[in-house]
Amino acid sequence: MPTQRITDRFDKVRAENRAALVTYIMAGDPDLETSYQALCALRDNGADIIELGAPFTDPMADGPAIQRAGQRSLKAGTKLSDVLALAKRFRADDEDTPLILMGYANPVFHMGYEAFAESAAAAGIDGTILVDLPPEEDLELRQAYEKYGLSVIRLATPTTTDKRIAKVAEGASGFLYYVAVAGVTGTGSADPEDIREGVERARKVSGLPVCVGFGVRTGEQAAAMARISDGVVVGSAFVDHVRLALESGDTGNIAGRMGELARELSTALKG
């Protein structure tokens, strides 16, 4: 079962007749303090759900923007325990915003599924997206999560068959992350009409809210995706603010710029 925060948030956006805004940042990029400020800025400017990236050395699903963000974070010394501590700090004064840890299976496996589940729940994490752990291989993880009410959030794509979606949904909860384009994050955008049927099938077969991501960067794109989905995921566009700030040397207001983008996207979805 999904945590109550995820359920409550989708109930809220449905009552407002709109899609959820799901935002992503890389923890520790460029440092943990900036990440904390960014979490608060996203929350304060309309983010309904926040995905908190955990850096990994081999991020095979991520495009250049998020790969570089992960490299910067790792270079700064960020560990999985730091990501959980960051979540716990945010949760200390925010009991409502769902937090999803997004990353790869190896660091979680290395910590131990039981130990990770206990630590994640204590930190206020609501679920995870581990992009390289298929449903055939995550039973032990699910069993650990079940004890703590954590959601296993999985991915589907336009090429995922109904039979496969049913398998993907098996033991999953919270929402289904629908990858709108073939390839990696941040490298292109899909025409909503091209994936409308696939999103509807995913929702029907899985019984879960479907959030569409990969390639959404602007309010206009978000509004278009919102018409066919339960939520819109934006990641690389936020991560790029760190790169641009570092390249320009103007690093004083990274969180504020992320907040401005979140406000633009949120306004578009509410419109």
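The values are calculated or read from the model by the stated rules, or taken from the named source; none is laboratory data. Note that the structure is predicted; figures quoted are calculated from it, not measured. Glycine also receives a Cβ, built like all others from the backbone with ideal geometry; neighbour counts cover every protein chain displayed. All accessible areas refer to the heavy atoms of the entire protein, side chains included, with ligands and DNA or RNA removed. Shrake-Rupley method; radii C 1.70, N 1.55, O 1.52, S 1.80 Å.
Brief remarks follow.
- Failed item, numbered, when residue 34 is tested on (1) of a type outside the set (A, V, I, L, M, F, W, C); (2) open to solvent by 30 Å² or more (accessible area, probe 1.4 Å); (3) touching a residue at least 60 places away in the same chain (Cβ under 8 Å): (2)
- Here residue 133 fulfils each of the conditions (1) open to solvent by less than 30 Å² (accessible area, probe 1.4 Å); (2) at pLDDT below 95 apart from (2).
- Here segment 170-194 is the region considered, the condition is being of a type in the set (A, V, I, L, M) and in contact with a strand residue (DSSP E or B) (Cβ under 7 Å, 6 or more places away or on another chain), and the residue that is modelled with the lowest pLDDT is 180.
- For segment 64-71, the criterion of being closer than 26 Å to residue 10 by Cα and crowded, with 17+ Cβ neighbours inside 10 Å is met by no residue.
- Per-region count, segment 138-170, residues closer than 29 Å to residue 215 by Cα, among the acidic types (Asp, Glu) and under 21 Å from the mean Cα position of the chain (by Cα): 2
- With respect to the conditions (1) closer than 20 Å to residue 10 by Cβ; (2) outside any helix (DSSP H, G or I); (3) of a type outside the set (Asp, Glu), residue 165 falls short on a single one, namely (2).
- Those residues of segment 220-254 which are buried (at least 20 other Cβ atoms within 10 Å of the Cβ), farther than 14 Å from residue 23 by Cα and among the β-branched types (Val, Ile, Thr), in sequence order: 228, 242, 254
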